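The values are calculated or read from the model by the stated rules, or taken from the named source; none is laboratory data. Note that the structure is a prediction, hence the values are computed from the model and not measured. Note that each Cβ is placed from the backbone with ideal geometry, even for glycine, and that neighbours are counted across all protein chains shown. Note: accessible area is taken over every heavy atom of the protein model, side chains too, but ligands, DNA and RNA are not part of it. Shrake-Rupley method; radii C 1.70, N 1.55, O 1.52, S 1.80 Å.
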Amino acid sequence: MKTKFAIVLSTILFVLTSVNAQEKFKPLDFKAKKLVVLSDADQLASTYVDGKSGNKTADLKDQLTIINGATITDPSALKTAPVSNSVKYWPNSLTVTPDGKYALVAELFGPAPLGESMINDTPVGRKITIVDLETAKVISSAEIADGVNAIDVHPSGKYVVVSTMEESKDIILFPLENGKLGKAKNIVLKELAASILPGSKISHLTFDPTGEYLAMSSSFGDETVRFYKFNETDLTFIAYGMPVKPGKLPGIMYWTPNGKYLLVTNIGWGMDVPGMYLAPNRGTVAAIRLDRENKGENGPQNQIVSIEPARVSPENIAVSPDGKWVVALNFEASLFPVESPNYQPFYSISLYSLNQETGKITLKDEFFYEGVMPEGVVFDGASKFLAVAVFDHHDANQKGGSVDFFRLLDEENPKLIQTKYSIPVMRGSHIIKRID
(Lines give C-alpha, C1' and ligand atoms only; values in the text may rest on other atoms or scores of the structure.)
Protein backbone atom coordinates (compact mmCIF):
# COMPACT_ATOMS: atom_id res chain seq x y z
CA MET A 1 0.00 0.00 0.00
CA LYS A 2 2.79 2.40 0.96
CA THR A 3 4.62 1.55 -2.24
CA LYS A 4 1.56 2.37 -4.35
CA PHE A 5 1.09 5.65 -2.47
CA ALA A 6 4.75 6.56 -2.98
CA ILE A 7 4.48 5.83 -6.71
CA VAL A 8 1.33 7.95 -7.04
CA LEU A 9 2.92 10.82 -5.06
CA SER A 10 6.09 10.67 -7.16
CA THR A 11 3.99 10.73 -10.33
CA ILE A 12 2.05 13.79 -9.13
CA LEU A 13 5.26 15.64 -8.20
CA PHE A 14 6.81 14.75 -11.55
CA VAL A 15 3.77 16.08 -13.43
CA LEU A 16 3.72 19.32 -11.38
CA THR A 17 7.46 19.80 -11.86
CA SER A 18 7.09 19.20 -15.59
CA VAL A 19 4.23 21.73 -15.80
CA ASN A 20 6.30 24.33 -13.92
CA ALA A 21 9.30 23.65 -16.15
CA GLN A 22 7.19 24.06 -19.28
CA GLU A 23 5.83 27.38 -18.05
CA LYS A 24 9.30 28.54 -16.99
CA PHE A 25 10.70 28.23 -20.51
CA LYS A 26 7.74 29.51 -22.52
CA PRO A 27 8.34 32.80 -24.40
CA LEU A 28 7.87 35.97 -22.37
CA ASP A 29 4.92 37.92 -23.76
CA PHE A 30 5.03 40.76 -21.25
CA LYS A 31 2.68 43.52 -22.41
CA ALA A 32 4.29 46.92 -21.85
CA LYS A 33 5.72 49.72 -23.93
CA LYS A 34 8.41 50.30 -21.32
CA LEU A 35 9.45 49.34 -17.81
CA VAL A 36 11.18 51.95 -15.67
CA VAL A 37 13.35 50.76 -12.77
CA LEU A 38 14.96 52.85 -10.02
CA SER A 39 18.14 51.70 -8.22
CA ASP A 40 19.81 53.10 -5.10
CA ALA A 41 23.43 51.88 -5.28
CA ASP A 42 24.48 53.64 -2.06
CA GLN A 43 23.70 50.90 0.41
CA LEU A 44 23.37 47.17 0.92
CA ALA A 45 20.21 45.42 2.02
CA SER A 46 22.05 44.45 5.21
CA THR A 47 22.62 48.15 5.97
CA TYR A 48 19.24 48.01 7.70
CA VAL A 49 20.68 45.39 10.05
CA ASP A 50 24.14 46.75 10.91
CA GLY A 51 24.10 50.34 9.57
CA LYS A 52 27.09 49.66 7.27
CA SER A 53 26.68 50.82 3.69
CA GLY A 54 29.63 48.80 2.40
CA ASN A 55 32.47 50.02 0.21
CA LYS A 56 31.07 52.64 -2.19
CA THR A 57 33.10 52.68 -5.42
CA ALA A 58 32.93 55.06 -8.37
CA ASP A 59 31.08 52.53 -10.54
CA LEU A 60 28.22 52.26 -8.04
CA LYS A 61 25.90 55.09 -9.01
CA ASP A 62 22.19 55.55 -8.44
CA GLN A 63 20.45 54.81 -11.69
CA LEU A 64 17.20 54.90 -13.61
CA THR A 65 16.94 51.99 -16.08
CA ILE A 66 14.56 52.01 -19.04
CA ILE A 67 13.59 48.62 -20.49
CA ASN A 68 11.96 48.67 -23.94
CA GLY A 69 8.97 46.35 -24.13
CA ALA A 70 9.83 45.33 -27.69
CA THR A 71 13.29 44.12 -26.60
CA ILE A 72 12.42 43.17 -23.04
CA THR A 73 14.66 40.10 -22.91
CA ASP A 74 17.70 41.84 -24.39
CA PRO A 75 19.93 43.40 -21.68
CA SER A 76 21.99 45.18 -24.34
CA ALA A 77 18.95 47.27 -25.29
CA LEU A 78 18.67 48.93 -21.88
CA LYS A 79 18.96 52.68 -21.49
CA THR A 80 20.14 54.25 -18.24
CA ALA A 81 20.33 57.67 -16.62
CA PRO A 82 22.19 58.72 -13.44
CA VAL A 83 19.52 59.83 -10.95
CA SER A 84 20.12 60.29 -7.21
CA ASN A 85 17.51 58.48 -5.11
CA SER A 86 17.14 56.56 -1.85
CA VAL A 87 15.76 53.20 -0.73
CA LYS A 88 15.67 54.25 2.92
CA TYR A 89 11.93 54.77 3.20
CA TRP A 90 8.97 53.33 1.29
CA PRO A 91 9.23 52.53 -2.45
CA ASN A 92 7.41 55.75 -3.32
CA SER A 93 9.98 58.04 -4.98
CA LEU A 94 9.34 57.27 -8.67
CA THR A 95 6.39 58.17 -10.85
CA VAL A 96 5.80 58.51 -14.60
CA THR A 97 3.58 60.92 -16.50
CA PRO A 98 0.33 59.52 -17.95
CA ASP A 99 1.60 60.03 -21.51
CA GLY A 100 4.68 57.90 -20.76
CA LYS A 101 7.13 60.61 -21.78
CA TYR A 102 8.79 61.44 -18.46
CA ALA A 103 9.89 59.87 -15.20
CA LEU A 104 10.04 61.98 -12.03
CA VAL A 105 12.27 60.97 -9.14
CA ALA A 106 12.18 62.35 -5.59
CA GLU A 107 15.45 62.49 -3.65
CA LEU A 108 14.89 61.67 0.03
CA PHE A 109 18.63 61.23 0.65
CA GLY A 110 21.57 62.24 -1.54
CA PRO A 111 24.58 60.21 -2.73
CA ALA A 112 26.69 58.43 -0.12
CA PRO A 113 30.41 59.27 0.07
CA LEU A 114 32.94 56.98 -1.63
CA GLY A 115 34.63 54.33 0.49
CA GLU A 116 33.39 52.72 3.69
CA SER A 117 30.45 54.54 5.23
CA MET A 118 27.50 54.20 7.59
CA ILE A 119 23.86 54.73 6.79
CA ASN A 120 23.84 58.04 8.68
CA ASP A 121 26.65 59.40 6.48
CA THR A 122 24.21 59.87 3.61
CA PRO A 123 23.13 63.54 3.33
CA VAL A 124 19.49 64.63 3.20
CA GLY A 125 18.27 64.98 -0.38
CA ARG A 126 16.48 68.02 -1.83
CA LYS A 127 15.79 67.37 -5.52
CA ILE A 128 13.21 66.32 -8.03
CA THR A 129 14.81 64.98 -11.19
CA ILE A 130 12.94 64.61 -14.48
CA VAL A 131 14.11 62.16 -17.15
CA ASP A 132 13.03 61.94 -20.80
CA LEU A 133 12.13 58.26 -21.21
CA GLU A 134 12.77 58.18 -24.94
CA THR A 135 16.32 59.55 -24.81
CA ALA A 136 17.17 58.59 -21.20
CA LYS A 137 18.43 62.15 -20.70
CA VAL A 138 17.99 64.17 -17.52
CA ILE A 139 16.10 67.26 -18.66
CA SER A 140 15.88 69.01 -15.30
CA SER A 141 16.92 68.67 -11.66
CA ALA A 142 15.58 71.20 -9.19
CA GLU A 143 16.16 71.65 -5.45
CA ILE A 144 12.77 71.65 -3.72
CA ALA A 145 12.99 71.04 0.02
CA ASP A 146 14.71 68.86 2.61
CA GLY A 147 13.88 65.18 2.22
CA VAL A 148 11.65 65.01 -0.85
CA ASN A 149 9.74 61.81 -0.27
CA ALA A 150 6.60 60.42 -1.91
CA ILE A 151 5.71 61.69 -5.40
CA ASP A 152 2.74 61.33 -7.76
CA VAL A 153 1.46 62.89 -10.98
CA HIS A 154 -2.18 63.92 -11.40
CA PRO A 155 -4.06 61.71 -13.94
CA SER A 156 -4.39 64.76 -16.22
CA GLY A 157 -0.58 65.11 -16.29
CA LYS A 158 -0.97 68.77 -15.29
CA TYR A 159 0.27 68.59 -11.66
CA VAL A 160 2.91 66.92 -9.50
CA VAL A 161 2.55 66.48 -5.75
CA VAL A 162 5.34 65.51 -3.32
CA SER A 163 5.67 65.12 0.43
CA THR A 164 8.76 66.42 2.23
CA MET A 165 10.52 66.37 5.60
CA GLU A 166 10.69 70.16 5.75
CA GLU A 167 8.57 72.15 8.19
CA SER A 168 5.67 74.07 6.61
CA LYS A 169 6.03 71.96 3.48
CA ASP A 170 4.00 68.84 4.29
CA ILE A 171 3.22 68.57 0.60
CA ILE A 172 4.20 70.72 -2.38
CA LEU A 173 2.11 71.02 -5.53
CA PHE A 174 3.66 71.96 -8.88
CA PRO A 175 2.13 72.65 -12.27
CA LEU A 176 3.76 70.37 -14.88
CA GLU A 177 4.08 71.16 -18.58
CA ASN A 178 6.35 69.55 -21.19
CA GLY A 179 8.44 67.89 -18.51
CA LYS A 180 9.06 71.11 -16.56
CA LEU A 181 7.88 72.08 -13.09
CA GLY A 182 6.04 75.36 -12.57
CA LYS A 183 5.85 77.52 -9.46
CA ALA A 184 5.68 75.56 -6.20
CA LYS A 185 2.73 75.84 -3.84
CA ASN A 186 3.63 74.79 -0.28
CA ILE A 187 0.77 73.20 1.65
CA VAL A 188 0.52 72.57 5.40
CA LEU A 189 -1.99 69.92 6.47
CA LYS A 190 -2.89 71.05 9.99
CA GLU A 191 -4.89 67.96 10.91
CA LEU A 192 -1.95 65.76 9.88
CA ALA A 193 0.76 67.78 11.66
CA ALA A 194 -0.75 67.04 15.07
CA SER A 195 -0.81 63.27 14.49
CA ILE A 196 2.61 62.44 13.00
CA LEU A 197 5.62 61.97 15.25
CA PRO A 198 8.40 64.60 14.93
CA GLY A 199 10.75 63.85 12.05
CA SER A 200 8.28 61.48 10.39
CA LYS A 201 6.85 61.83 6.91
CA ILE A 202 3.86 60.98 4.81
CA SER A 203 4.52 57.38 3.77
CA HIS A 204 2.82 57.46 0.40
CA LEU A 205 0.39 59.59 -1.56
CA THR A 206 -1.62 58.82 -4.67
CA PHE A 207 -4.33 60.49 -6.74
CA ASP A 208 -7.41 58.40 -7.51
CA PRO A 209 -8.06 57.60 -11.21
CA THR A 210 -10.40 60.60 -11.58
CA GLY A 211 -7.93 63.06 -10.05
CA GLU A 212 -10.63 64.33 -7.64
CA TYR A 213 -9.11 62.76 -4.52
CA LEU A 214 -5.67 62.30 -3.00
CA ALA A 215 -4.98 59.49 -0.53
CA MET A 216 -2.13 59.75 1.99
CA SER A 217 -0.77 57.16 4.38
CA SER A 218 1.19 58.02 7.52
CA SER A 219 3.30 55.44 9.33
CA PHE A 220 5.02 56.72 12.45
CA GLY A 221 2.33 58.45 14.42
CA ASP A 222 -1.36 57.72 14.09
CA GLU A 223 -0.87 55.04 11.39
CA THR A 224 -3.75 56.16 9.21
CA VAL A 225 -4.88 56.61 5.64
CA ARG A 226 -6.47 60.01 4.97
CA PHE A 227 -8.38 61.29 1.96
CA TYR A 228 -8.39 64.82 0.57
CA LYS A 229 -10.54 66.37 -2.12
CA PHE A 230 -8.50 68.27 -4.70
CA ASN A 231 -9.90 71.61 -5.81
CA GLU A 232 -8.32 72.41 -9.16
CA THR A 233 -9.73 75.95 -9.17
CA ASP A 234 -7.62 77.21 -6.26
CA LEU A 235 -5.24 74.21 -6.00
CA THR A 236 -6.22 73.26 -2.46
CA PHE A 237 -6.68 69.95 -0.64
CA ILE A 238 -9.66 69.64 1.73
CA ALA A 239 -9.87 66.75 4.22
CA TYR A 240 -12.57 64.29 3.10
CA GLY A 241 -14.05 62.13 5.84
CA MET A 242 -12.39 60.73 8.93
CA PRO A 243 -8.99 59.00 8.74
CA VAL A 244 -9.00 55.20 8.46
CA LYS A 245 -6.74 52.87 10.45
CA PRO A 246 -6.10 49.93 8.08
CA GLY A 247 -3.45 48.09 10.14
CA LYS A 248 0.02 48.20 11.65
CA LEU A 249 2.24 50.73 9.83
CA PRO A 250 0.40 51.39 6.54
CA GLY A 251 2.53 52.35 3.58
CA ILE A 252 2.16 51.80 -0.15
CA MET A 253 -1.30 52.23 -1.69
CA TYR A 254 -2.87 51.51 -5.08
CA TRP A 255 -6.37 52.12 -6.37
CA THR A 256 -8.41 49.39 -7.98
CA PRO A 257 -8.77 50.04 -11.73
CA ASN A 258 -12.40 51.11 -11.29
CA GLY A 259 -11.37 53.57 -8.56
CA LYS A 260 -13.87 52.28 -5.99
CA TYR A 261 -11.33 50.96 -3.50
CA LEU A 262 -7.89 51.80 -2.21
CA LEU A 263 -5.58 48.89 -1.42
CA VAL A 264 -2.90 49.44 1.22
CA THR A 265 -0.11 47.28 2.61
CA ASN A 266 0.47 47.24 6.37
CA ILE A 267 4.05 46.16 6.94
CA GLY A 268 3.70 45.42 10.67
CA TRP A 269 6.79 47.27 11.90
CA GLY A 270 6.89 49.83 14.69
CA MET A 271 8.81 51.39 17.54
CA ASP A 272 6.57 49.42 19.89
CA VAL A 273 7.47 46.12 18.20
CA PRO A 274 10.55 44.15 19.41
CA GLY A 275 13.15 44.47 16.67
CA MET A 276 11.19 47.34 15.07
CA TYR A 277 11.70 46.72 11.33
CA LEU A 278 13.66 43.49 11.82
CA ALA A 279 10.85 41.66 13.61
CA PRO A 280 9.52 38.52 11.88
CA ASN A 281 5.92 39.72 12.00
CA ARG A 282 3.40 39.06 9.28
CA GLY A 283 1.77 42.08 7.70
CA THR A 284 -1.61 42.54 6.04
CA VAL A 285 -3.26 43.98 2.94
CA ALA A 286 -6.46 46.00 3.38
CA ALA A 287 -9.10 47.39 1.01
CA ILE A 288 -10.67 50.75 1.86
CA ARG A 289 -13.89 52.04 0.29
CA LEU A 290 -13.88 55.75 -0.50
CA ASP A 291 -17.36 57.16 0.18
CA ARG A 292 -17.72 59.25 -2.95
CA GLU A 293 -21.51 59.65 -2.60
CA ASN A 294 -21.26 61.19 0.90
CA LYS A 295 -24.92 60.69 1.77
CA GLY A 296 -24.41 60.19 5.50
CA GLU A 297 -25.44 62.72 8.13
CA ASN A 298 -21.94 62.88 9.58
CA GLY A 299 -19.92 63.33 6.39
CA PRO A 300 -18.13 60.77 4.20
CA GLN A 301 -17.88 57.31 5.75
CA ASN A 302 -14.66 55.89 4.34
CA GLN A 303 -14.19 52.38 5.68
CA ILE A 304 -12.24 49.13 5.53
CA VAL A 305 -14.18 46.47 3.64
CA SER A 306 -11.62 43.66 3.54
CA ILE A 307 -8.32 42.71 5.14
CA GLU A 308 -6.12 39.65 4.54
CA PRO A 309 -2.79 38.40 5.93
CA ALA A 310 0.47 38.79 4.04
CA ARG A 311 3.83 37.29 5.01
CA VAL A 312 6.79 39.00 6.72
CA SER A 313 7.42 42.64 5.72
CA PRO A 314 5.06 43.25 2.76
CA GLU A 315 6.74 46.42 1.50
CA ASN A 316 4.80 46.77 -1.74
CA ILE A 317 1.67 45.63 -3.56
CA ALA A 318 0.40 45.59 -7.14
CA VAL A 319 -3.07 45.36 -8.68
CA SER A 320 -3.67 43.70 -12.06
CA PRO A 321 -5.12 45.93 -14.80
CA ASP A 322 -8.11 43.61 -15.20
CA GLY A 323 -8.92 44.07 -11.51
CA LYS A 324 -8.87 40.35 -10.71
CA TRP A 325 -5.59 39.99 -8.81
CA VAL A 326 -3.48 41.60 -6.10
CA VAL A 327 0.03 40.63 -5.02
CA ALA A 328 1.99 41.57 -1.90
CA LEU A 329 5.78 41.52 -2.15
CA ASN A 330 7.27 40.31 1.14
CA PHE A 331 11.01 40.50 1.67
CA GLU A 332 10.94 38.11 4.64
CA ALA A 333 14.40 37.97 6.33
CA SER A 334 16.30 38.16 3.04
CA LEU A 335 17.98 41.45 4.04
CA PHE A 336 20.09 39.77 6.76
CA PRO A 337 23.74 38.98 5.89
CA VAL A 338 24.60 35.33 5.29
CA GLU A 339 26.46 35.00 8.60
CA SER A 340 23.43 36.15 10.61
CA PRO A 341 21.39 33.52 12.50
CA ASN A 342 18.29 35.22 11.05
CA TYR A 343 19.48 34.83 7.44
CA GLN A 344 17.01 33.47 4.89
CA PRO A 345 17.89 33.12 1.18
CA PHE A 346 14.37 33.83 -0.07
CA TYR A 347 11.56 36.36 -0.33
CA SER A 348 7.89 35.65 -0.97
CA ILE A 349 4.90 36.81 -2.99
CA SER A 350 1.35 36.57 -1.62
CA LEU A 351 -1.32 36.19 -4.32
CA TYR A 352 -4.90 37.37 -3.77
CA SER A 353 -8.06 37.38 -5.83
CA LEU A 354 -9.97 40.68 -5.94
CA ASN A 355 -13.64 41.45 -6.40
CA GLN A 356 -13.65 44.97 -7.80
CA GLU A 357 -17.34 45.52 -7.07
CA THR A 358 -17.26 44.60 -3.37
CA GLY A 359 -13.59 45.25 -2.59
CA LYS A 360 -13.20 41.73 -1.21
CA ILE A 361 -9.63 40.39 -1.35
CA THR A 362 -8.94 36.70 -0.73
CA LEU A 363 -5.54 35.12 -0.12
CA LYS A 364 -5.05 32.31 -2.66
CA ASP A 365 -1.45 31.18 -2.11
CA GLU A 366 2.11 32.16 -1.15
CA PHE A 367 5.23 31.57 -3.27
CA PHE A 368 8.94 31.70 -2.37
CA TYR A 369 11.90 32.73 -4.54
CA GLU A 370 15.62 33.46 -4.24
CA GLY A 371 16.53 37.11 -3.88
CA VAL A 372 17.35 39.95 -1.50
CA MET A 373 14.84 42.55 -0.30
CA PRO A 374 12.62 43.02 -3.37
CA GLU A 375 10.47 46.15 -3.14
CA GLY A 376 9.19 46.82 -6.68
CA VAL A 377 6.45 44.85 -8.42
CA VAL A 378 4.12 45.46 -11.36
CA PHE A 379 1.74 43.43 -13.54
CA ASP A 380 1.99 43.56 -17.31
CA GLY A 381 -0.79 45.22 -19.29
CA ALA A 382 -2.57 41.92 -19.96
CA SER A 383 -2.55 40.81 -16.29
CA LYS A 384 -0.68 37.62 -17.20
CA PHE A 385 2.83 38.38 -15.96
CA LEU A 386 4.62 40.06 -13.05
CA ALA A 387 7.90 41.96 -13.08
CA VAL A 388 9.75 42.15 -9.75
CA ALA A 389 12.65 44.49 -8.97
CA VAL A 390 15.07 42.50 -6.78
CA PHE A 391 17.49 44.62 -4.76
CA ASP A 392 20.40 42.13 -4.82
CA HIS A 393 21.15 38.40 -4.77
CA HIS A 394 22.76 36.01 -2.30
CA ASP A 395 24.31 34.11 -5.21
CA ALA A 396 27.87 35.44 -5.67
CA ASN A 397 27.59 34.67 -9.40
CA GLN A 398 24.64 37.05 -9.77
CA LYS A 399 25.90 40.43 -8.62
CA GLY A 400 23.69 43.49 -8.48
CA GLY A 401 19.97 43.94 -8.86
CA SER A 402 17.64 42.39 -11.39
CA VAL A 403 14.16 42.49 -12.85
CA ASP A 404 12.72 38.97 -12.66
CA PHE A 405 9.62 37.87 -14.56
CA PHE A 406 6.79 35.61 -13.40
CA ARG A 407 3.87 34.02 -15.22
CA LEU A 408 0.44 34.04 -13.55
CA LEU A 409 -1.53 30.87 -14.26
CA ASP A 410 -5.17 31.96 -13.96
CA GLU A 411 -6.72 28.68 -12.84
CA GLU A 412 -8.99 27.34 -10.11
CA ASN A 413 -5.82 27.08 -8.02
CA PRO A 414 -3.78 29.99 -9.43
CA LYS A 415 0.01 29.85 -9.48
CA LEU A 416 2.97 32.15 -9.99
CA ILE A 417 5.73 30.50 -12.02
CA GLN A 418 9.14 32.16 -12.22
CA THR A 419 10.25 32.32 -15.85
CA LYS A 420 13.82 31.94 -17.06
CA TYR A 421 13.92 35.64 -17.92
CA SER A 422 15.84 38.02 -15.68
CA ILE A 423 17.30 41.41 -16.64
CA PRO A 424 20.39 42.58 -14.69
CA VAL A 425 20.25 46.18 -13.44
CA MET A 426 22.24 48.33 -11.01
CA ARG A 427 22.45 47.12 -7.43
CA GLY A 428 19.69 48.42 -5.21
CA SER A 429 16.73 48.22 -7.62
CA HIS A 430 13.69 49.02 -5.52
CA ILE A 431 10.88 50.52 -7.63
CA ILE A 432 9.45 49.52 -11.01
CA LYS A 433 6.73 51.19 -13.15
CA ARG A 434 5.01 50.06 -16.36
CA ILE A 435 4.26 52.34 -19.31
CA ASP A 436 1.58 51.17 -21.77
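Considering only Cα-Cα distances, which of the following residue pairs are longer than 19 Å: K34/K56; K33/K79; K52/K433? The partial results should precede the final answer.
Details: K34/K56 30 Å; K33/K79 14 Å; K52/K433 29 Å.
Going by Cα-Cα distance, K34/K56; K52/K433 fall outside the 19 Å limit.
Below 8 Å between Cα atoms, with a sequence gap of 6+, how large is the relative contact order for the chain in percent? Before the final figure, lay out the partial values.
On the way: 1217 pairs, mean separation 59.8, N = 436.
Here the relative contact order equals 14 percent.
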V273/I307 FRET efficiency (R0 22 Å; Cβ-Cβ; nearest 0.05): 0.75
Accessible area (Å², 1.4 Å probe, nearest 10) - M271: 130 Å²
Exceeding the 21 Å Cα-Cα cut-off - candidates K127/K183; K158/K295; K26/K415; K88/K201; K248/K384: K158/K295; K248/K384
Cα-based reach from K260 at 17 Å (exclusive), listing aspartates and glutamates while leaving out same-chain residues under 8 positions away: D208, E212, D291, E293, D322, E357
Computed lengthening from K183 to E411, 0.36 nm per intervening residue step minus Cα-Cα distance: 77.0 nm
Full-extension gain in nm, Y343 to E134, via 0.36 nm per residue minus C-alpha separation: 71.2 nm
Three-way shape call for segment 79-141 based on the alpha-carbon gyration tensor, with the a/c threshold at 1.5: prolate
L28-A142 FRET efficiency (beta carbon distance; Förster radius 41 Å; 0.05 resolution): 0.65
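Take the alpha carbon atoms of segment 310-436, find their radius of gyration, then divide it by 2.2 N^0.38 Å using N residues; give the quotient. Before the final figure, lay out the partial values.
Details: Rg = 14.4 Å, N = 127, 2.2 N^0.38 = 13.9 Å.
My calculation over the Cα atoms of segment 310-436 gives 1.04.
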Lys/Arg +1, Asp/Glu -1 at C-beta; segment 132-265 dipole; positive extreme among G211, W255, L176: W255
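Shape of segment 227-339 from its Cα gyration tensor (a ≥ b ≥ c, root eigenvalues): rounded if a/c is under 1.5, otherwise prolate when a/b > b/c, or oblate?
On the way: a/c = 2.32, a/b = 1.88, b/c = 1.23.
Cα axes put segment 227-339 in the prolate bin.
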Inter-site label distance for D59 and D436 at 7 Å from Cα along Cβ, in nm: 4.0 nm
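Is the shape of segment 264-323 rounded, prolate or oblate, going by the alpha carbon gyration tensor and its root eigenvalues a ≥ b ≥ c, with a/c under 1.5 for rounded and a/b larger than b/c for prolate? Numbers along the way, then the final one.
Working: a/c = 3.78, a/b = 1.75, b/c = 2.16.
It is oblate, given that a/c is not under 1.5 and a/b is not larger than b/c.
Semi-axes of the equivalent ellipsoid for the chain, please: Cα gyration tensor eigenvalues, times 5, square-rooted, ordered largest first, whole Å. If you can, show how the numbers build up before the last one.
Values: eigenvalues 216, 140, 97 Å².
The equivalent ellipsoid of the chain has semi-axes of 33, 26, 22 Å.
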Inter-site label distance for E366 and T80 at 7 Å from Cα along Cβ, in nm: 3.5 nm
Ordering of 170-177, 125-132, 394-401 by packing [mean C-beta count within 10 Å, highest first]: 125-132, 170-177, 394-401
Accessible area of E134 in the full protein assembly, 1.4 Å probe (Å², nearest 10): 110 Å²
Per-pair calculated FRET efficiency, R0 = 30 Å: R282 and E357 via Cβ, rounded to 0.05: 0.60
Accessible surface ranking that places the most exposed of K180, K158 first, with a 1.4 angstrom probe: K180, K158
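At 222 nm, what helix-only mean residue ellipticity would the chain give, in deg cm²/dmol to the nearest 500, using -39500 (n - 2.57) for each DSSP H run of four or more?
Working: 3 runs with 32 residues, N = 436.
Taking each H run of at least 4 residues, the total per residue is -2000 deg cm²/dmol.
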Length released on extending from A239 to H394, taking residue separation times 0.36 nm less the Cα-Cα span: 51.3 nm
